[in-house]
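The values are calculated or read from the model by the stated rules, or taken from the named source; none is laboratory data. Since the structure is predicted, the reported quantities are computational estimates derived from the model, not experimental observations. All Cβ positions, even for glycine, are placed from backbone atoms using ideal geometry, and neighbour counts span all protein chains on display. Areas reflect the complete protein model, heavy atoms only, side chains present, ligands, DNA and RNA absent. Shrake-Rupley method; radii C 1.70, N 1.55, O 1.52, S 1.80 Å.
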Number of protein chains: 2
Amino acid sequence: MLLRLLSSASRAIAAKPHPPQTLAAAAVGATSTTRKLAAMAGNREAFRVAVGNTLERRLFYVPSFKIYGGVAGLYDYGPPGCAVKANVLAFWRQHFVLEEGMLEVDCPCVTPEVVLKASGHVEKFTDLMVKDEKTGSCYRADHLLKDFCKEKLENDNTLSPEKVEELNHILAVLDDLSAEQLGAKIKEYGIVAPDTKNLLSDPYPFNLMFQTSIGPSGLSAGYMRPETAQGIFVNFKDLYYYNGNKLPFAAAQIGQAFRNEISPRQGLLRVREFTLAEIEHFVDPEDKSHPKFSDVSDLEFLMFPREDQLTGRSATRLRLGEAVSEGTVNNETLGFFIGRVYLFLTQLGIDKDRLRFRQHLPNEMAHYAADCWDAEIECSYGWIECVGIADRSAYDLRAHSDKSGVPLEAHEKFAEPREVEKLVITPSKKELGLAFKGSQKMVLEALEAMGETEALGMKAALESKGDVEFKVCTLGKDVTIKRNMVSINMEKKKEHQRKFTPSVIEPSFGIGRIIYCLFEHCFYQRTGKTDDEQLNVFRFPPLVAPIKCTVFPLVKVEKFDVVAKKISKALTTAGISHIIDITGTSIGKRYARTDEIGVPLAITVDSTTSVTVRDRDSKDQIRVEVDEVALVVKEVTDGQSTWADIMWRYPAHTALATDEEEASET
Amino acid sequence: MLLRLLSSASRAIAAKPHPPQTLAAAAVGATSTTRKLAAMAGNREAFRVAVGNTLERRLFYVPSFKIYGGVAGLYDYGPPGCAVKANVLAFWRQHFVLEEGMLEVDCPCVTPEVVLKASGHVEKFTDLMVKDEKTGSCYRADHLLKDFCKEKLENDNTLSPEKVEELNHILAVLDDLSAEQLGAKIKEYGIVAPDTKNLLSDPYPFNLMFQTSIGPSGLSAGYMRPETAQGIFVNFKDLYYYNGNKLPFAAAQIGQAFRNEISPRQGLLRVREFTLAEIEHFVDPEDKSHPKFSDVSDLEFLMFPREDQLTGRSATRLRLGEAVSEGTVNNETLGFFIGRVYLFLTQLGIDKDRLRFRQHLPNEMAHYAADCWDAEIECSYGWIECVGIADRSAYDLRAHSDKSGVPLEAHEKFAEPREVEKLVITPSKKELGLAFKGSQKMVLEALEAMGETEALGMKAALESKGDVEFKVCTLGKDVTIKRNMVSINMEKKKEHQRKFTPSVIEPSFGIGRIIYCLFEHCFYQRTGKTDDEQLNVFRFPPLVAPIKCTVFPLVKVEKFDVVAKKISKALTTAGISHIIDITGTSIGKRYARTDEIGVPLAITVDSTTSVTVRDRDSKDQIRVEVDEVALVVKEVTDGQSTWADIMWRYPAHTALATDEEEASET
């Protein structure tokens, strides 16, 4: 049930036979909630259409290449969307990189095959696909089966209780079905191609990476990276050195990632190109405490531990400190990041009551992972995984160490040297050379690479029998090792330091998903002058609002324009993004226009000495001197003061006409 | 002589048979300067090695995927490089997008083929390549010829004056050579593969775009965008509407672009993936004035007009206002952007004496372009095009209008309707249907699409002869048009508005190139304690410095650490990026370390009440109270005060030991 948009998931699958396919929320607790969801679906759908229409009409985002008919799964951010995105990323950099002193890097999207072979993406980063046998159209096999089950559950009142249970069971285990199992179910239920009703092929794996070729020869395969994390892992050695050879430290990267989805849907939630922001926090596996954990340990929010999911309970409010001390969350560092992610999302404007941290179920996690939690945000599509926070142990660094031959490890110097028993394997080059000639190097390396158990087994066999069969993977066969070819002993040694592969704790943010959920959480409608007129508002916090302030001359006269320009200049100097609207449109209509793109404050120039400032959400107005107004706006939009603080200091202004009356005028 | 890293160049070539290939500086004035350059080459090379070593050692940037042997033309920005890049982009957004109220958009890198067919990239975005006939290794044909000529000119003292002239001529016209001419020269001079000395193939075009496939069917070709501009052009209609259907307005985009260079070289200057920041300013072709031109008209800087290049003069200081009023620069809007680019680059820290604006020669420009100027920055590789500023007329919008069938145009409402004579072509559907049956639609469209001259010619022919042969491109043949099939007349009409395709003025910034030149311009070495010890310094302005401030407890004692942490907290609150260095290393060595990554200010904690603040470049120190120091640092790094302002307000601190002495201690 991992979400594949985020890297934690994508890499998790490198160790799992089949990638997880569906929205976590749709599967978790599906048995009990599917029918309830069906009843709510109408409202959700209407809300989604209202917010979607506003977003597209105001150019927050639009399908890319629209004049050419568009391309599924590709979107452009228009001016307000682009500004929101830039604000979210700037805050991310402030909140994580600067406040925690992380090492930010910036690596290319074009990635040579060898890197993604090491990470497992070339082999395993796949979805199961079926083809329309006549037209060749492609579909995700699990999507078709899921749609079939949901449609039946929602609309077929003749289903027997056994059938309901069967279909719910399929929804719950959808991610774990093999190609064969999926194919069998599709056949059993007679599922056909949705558009043509033609028969479908058997499911087969389709790699989701965009493939390309690097350089002019055409011989060097490359891919567009499916996540940014690999760029950090391959730089571990340099970054560790940069950090003074000290652990822990975190590296971070913001950048584009690419996944050639089979059939993109759900707007910004499942796309073919998207911005990820990822942190890789490297830590000694023997000490995952965090010096700043106490800064977040008192936070309380919705958590959904594994146990509660398995026993059918719902998410509950937990204190983070207790979740860690009681072992629900594996360690302090993981807990620290969960807390920081909570603060990040809620400060952006995500509703804390529609945000939960859900722990991965045992079968969702890769075998090497110590613990994983997803920050899930509820929107009209259900609970959406927006941030994955995973303790991935040493998996990634080991994979690249093995493939590249470059050790990616850390070391801890001991205050005093320690005496340890150590396995020493000493092959005899001379004897190996005589016995194996051209293959001697491969045999030698394989002998040296033996683990302790295997080596001690060989030692025992050689001592008792004199020879032993030994599998050399690089030769693809067994060879016979004799007593004179290798000596194996446990020896006492003094060690001055400990070498180890660090664990990595990875918070990975799907920026587009967070932004889409933010849009939904900030959107509301209020009634205009007439009951059937609905005015759209985005209640963005100043931090993320695409534009902080608008300046409106009340009527079109020269002297007001002069004041408006003067204020605009002062706002520019103060670094506050704003627009002047000097169209002759009624002031109410101009307010409505800027409410719709979420501008927090509007300055209306109705005299040459003082102006009014209006708050978007309360619609309250105050009167402020012209020379002072830029600073007042800065105070609120920088977050130094709230609107309430400001209200108290300045005289209220009562407009003759309400917004809505004027909004409806023209 | 366009540089292909920037989009103006890449699109210019869509209308030229062969893409330009070389560094402008290497060709312009090559005759007179080649020998001089050769003499300077030693120093330049040494400087480049010194700055390059520092950049790589301190992780400003490193070759990507180093542990796997790297990939030519791909680089990672490490922590300080990434911070510089983020600062440059933040300032770009402030200086252009916010100050000029531009509409910023964010479009995907994955681009369907149809878009890049319309723009001309699929057909013409190529370099000429030759292959080693035995190994298949690929080389850029022009690079081999250029290297051959330069090597001869620099090292062969036996050349006749005629041969010198011939080789210099080749360098000057290199960009204009056809595949056949390049091939002939390679044969004539006996140029062979550099590594193997094998024979080379004939030159043939290689498309520089990374190709991929969108969606699972494998049938939908796509490319990684070679520039960001196309994303803006295809959105023109929506953006124009967003701007209230008013011109002029500018849209902007920052993003990754990709070019599969045949043989990348020159480090960050010619890479396979890079960040572009592009502006498309849409303007009425009949009015290219700019209301804010007077803000920049008094600027004076090095300009290199076409005339001066052709007559062998060098760049001279011109006042921008005069350059525009005298027609050297085509129009005010182009001039405005030249001025704004000058301010942008010099405020970043680019040396104004090594920055020039070079006008394109007639043969460099696409036929449709009105005027083009490149901001070129001199570095150890010569003069490098870093920003292209082009008036591209209506080319791009027309290309997408034609291909998509969606009109991308603006309109101007007249205050009073105007009477105009207008060509009216009225085909008779009935007669065309009878005559051409299935082809009638193509014939009808071709008739309606005739220009005025062609239509009037047809009218005359029909009146005199009764019929006329007419070429229908979409049918690929001529058809016979008779008098009854079409009526053609000039009619008087009242027009209420004018429709037109806007011109676009495009400043396009190669961010990686700007950053590399900035590194070179900010780098210097100063002598340490001993004469042979060279200490490296980057004199980054606070605006771009990767870290604004460091905090050093002078010696390792608890009470100083406490003060350092207190100051760190105040700096974080003030939003100032900083690092604490509590290693026991000597203070001089710690200063040297941070000078090497260009940190402007260092705070040394040597008491619990006051601390010293040291300026990187002058090495002057002042003494400031602990509670005040964060604000002092903020004042300087925000640019509100200079170091000189601050020096005057606080007591100077004279260190017992100089930096260098201590730096050399350990």
Over its alpha-carbon atoms, region B:126-207 yields an Rg and a Dmax in Å of 12.7, 39
Could you tell me whether region A:462-501 comes out rounded, prolate or oblate from its Cα gyration tensor? Rule is a ≥ b ≥ c as square roots of the eigenvalues, rounded for a/c under 1.5, then prolate if a/b exceeds b/c, otherwise oblate. oblate
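I need the peptides A:154-161, B:366-373 ranked by packing, meaning the mean over residues of other C-beta atoms within 10 angstrom, with the highest value on top. Numbers along the way, then the final one.
On the way: A:154-161: 9.2, B:366-373: 20.1.
Ranked from most to least packed, the peptides come out as B:366-373, A:154-161.
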Where the only charges are on Cβ atoms (+1 Lys, Arg; -1 Asp, Glu), what is the dipole of region A:131-237 about its Cα centre, to the nearest 20 debye? 540 debye
If you take the square roots of the eigenvalues of the alpha-carbon gyration tensor of the protein assembly as shown and sort them as a ≥ b ≥ c, do you get rounded (a/c under 1.5), prolate (a/b over b/c) or oblate? rounded
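Please give the average number of partner chain Cβ atoms lying within 10 Å of the Cβ of each residue in B:234-243, rounded to a whole number.
Values: counts 6, 8, 1, 2, 9, 3, 0, 2, 6, 1.
Going residue by residue through B:234-243 and averaging, the value is 4.
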One point scatterer per Cα, no solvent, Debye formula: log10 I(q)/I(0) for region A:340-483 at q = 0.13, 0.17, 0.18 Å⁻¹ comes out as -0.82, -1.06, -1.12
Not counting ligands, DNA or RNA, and with a 1.4 Å probe, what is B:Lys85's accessible surface area in Å² rounded to the nearest 10? 20 Å²
q = 0.22, 0.23 Å⁻¹: log10 I(q)/I(0) that the Debye formula gives for region A:414-498, counting C-alpha atoms only: -1.02, -1.09
What size of dipole, in debye to the nearest 20, comes out for the protein assembly as shown about its Cα centre when the only charges are +1 on Lys and Arg C-beta atoms and -1 on Asp and Glu C-beta atoms? 1820 debye
Taking the label point 7 Å from Cα along the Cα-Cβ vector, the copy-to-copy distances for A:Arg317, listed from shortest in nm with one decimal, are 6.9
How long are the semi-axes of the ellipsoid equivalent to chain B, from square roots of 5 times the Cα gyration tensor eigenvalues, in whole Å, largest first? 54, 32, 23
Before anything else, pin down the relative contact order of chain B: Cα pairs under 8 Å, at least 6 apart, normalised by residue count, whole percent. 13 percent
Binned Cα-Cα distance frequencies in region B:245-316 - 10 Å width, integer %: 14, 21, 32, 30, 3
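Convex hull volume of the Cα atoms in region A:47-107, per residue, in Å³?
On the way: hull volume 7.7 nm³, N = 61.
In region A:47-107, the Cα hull volume divided by residue count equals 126 Å³.
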Computed over chain A: longest principal axis from alpha-carbon atoms vs helix A:141-155 long axis, angle to nearest 10 degrees, is 50 degrees
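Under a 1.4 angstrom probe, counting protein chains only, how are B:Leu543, A:Leu345 ranked by accessible area, largest first?
Values: B:Leu543 65, A:Leu345 0 Å².
These residues rank, largest area first, as B:Leu543, A:Leu345.
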Only bridges whose two residues both fall in the protein assembly as shown count here: according to DSSP, what percent of them are antiparallel, nearest 5? 90 percent
Each label sits 7 Å from Cα toward the beta-carbon; between A:Glu448 and A:Leu434 the label points are separated, in nm, by 2.2 nm
Put a point 7 Å out from Cα along the line to Cβ at A:Lys117; what are the distances to that point in the other copies, in nm, shortest first? 3.6
Along the dipole axis of chain B (charges at Cβ: +1 for Lys and Arg, -1 for Asp and Glu; origin at the Cα centre), the most positive-end residue among B:Ala184, B:Val329, B:Phe301 is B:Ala184
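So how much accessible surface do B and A hide from each other in total, probe 1.4 Å, in square angstrom to the nearest 100? Mind dumping the intermediate values first?
On the way: alone 30340 and 30330 Å², together 54950 Å².
So the total buried area for this chain pair works out to about 5700 Å².
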Give me the distance in nm between label points sitting 7 Å out from Cα along the Cα-to-Cβ direction at A:Arg265 and A:Glu154, one decimal. 0.9 nm
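Taking all protein chains together and a probe of 1.4 Å, list A:Arg526, B:Arg513 from the most accessible to the least accessible. Let's see the in-between values first.
Working: A:Arg526 35, B:Arg513 5 Å².
In descending accessible area the options line up as A:Arg526, B:Arg513.
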Taking a label point 7 Å out from Cα toward Cβ, give me the nm distances from B:Thr608 to the same spot in the other copies, shortest first, one decimal. 6.0
Please list A:Ser213, B:Ser610 in order of solvent-accessible area, largest first, computed with a 1.4 Å probe with all protein chains present. A:Ser213, B:Ser610
Among the GluC sites (Glu not before Pro) within region A:311-393, which fall in a DSSP loop and have no more than 15 other Cβ atoms within 10 Å of their own Cβ? A:Glu326
222 nm mean residue ellipticity, helices alone, for chain B (DSSP H n ≥ 4; -39,500 (n - 2.57); rounded to 500): -10500 deg cm²/dmol
At a 1.4 Å probe, what is the % contribution of carbon and sulfur to the accessible area of chain A? 51 percent
Among A:Thr474, A:Leu423, A:Met450, the residue whose Cα sits farthest towards the positive end of the charge dipole of region A:414-498, when +1 is placed on the Cβ of each Lys and Arg and -1 on the Cβ of each Asp and Glu, is A:Thr474
Just how far, in whole angstrom, is region B:143-204 from region B:81-117 if you go by their alpha carbon centroids? 39 Å
Gyration tensor (Cα) of region A:265-304, equivalent ellipsoid semi-axes in angstrom: 32, 18, 9
By how many degrees, 0 to 90 and rounded to 10, does the Cα axis of helix A:161-173 deviate from the longest principal axis of chain A? 80 degrees
So which GluC sites (Glu not before Pro) in region B:487-536 are both in a DSSP loop and have at most 14 other Cβ atoms within 10 Å of their Cβ? B:Glu533
Taking a crude spin-label model, label points 7 Å out from Cα along the C-beta direction, the B:Glu166 to B:Asp478 distance in nm is 4.8 nm
Distance in whole Å from the A-onto-B rotation axis to the closest C-beta of chain A, together with the residue it belongs to, please. A:Thr212, 2
In region B:433-459, which residues have a backbone nitrogen under 18 Å from the label point lying 7 Å from B:Met490's Cα in the Cα-to-Cβ direction? B:450-459
What whole-number value in Å² describes the accessible area per residue of the protein assembly as shown for a 1.4 Å probe? 41 Å²
For chain B, whose charge dipole is built from +1 on Lys and Arg Cβ atoms and -1 on Asp and Glu Cβ atoms, the candidate among B:Phe540, B:Ser610, B:Val624 with its Cα farthest towards the positive end is B:Phe540
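Checking a compactness column here: for region A:547-666, what do you get for Rg(Cα) / (2.2 N^0.38 Å), N being the number of residues? Don't skip to the end; give the middle numbers.
Details: Rg = 12.9 Å, N = 120, 2.2 N^0.38 = 13.6 Å.
Relative to the 2.2 N^0.38 Å estimate, region A:547-666 comes out at 0.95.
Roughly how big is region A:374-498's charge dipole about its Cα centre, with Cβ charges of +1 (Lys, Arg) and -1 (Asp, Glu), in debye to the nearest 20?
Details: 20 positive and 23 negative charges, 232 e Å.
Computed charge dipole of region A:374-498: roughly 1120 debye.
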Straight-line reach only, C-alpha to C-alpha below 16 angstrom: list the lysines that A:Lys471 could link to, leaving out same-chain residues fewer than 8 apart. A:Lys441, A:Lys459, A:Lys482
Gap in Å between the Cα centre of region A:340-411 and the Cα centre of region B:527-599? 34 Å
Ignoring ligands and nucleic acids, A:Phe436 exposes an accessible area, probe 1.4 Å, in Å² to the nearest 10, of 40 Å²
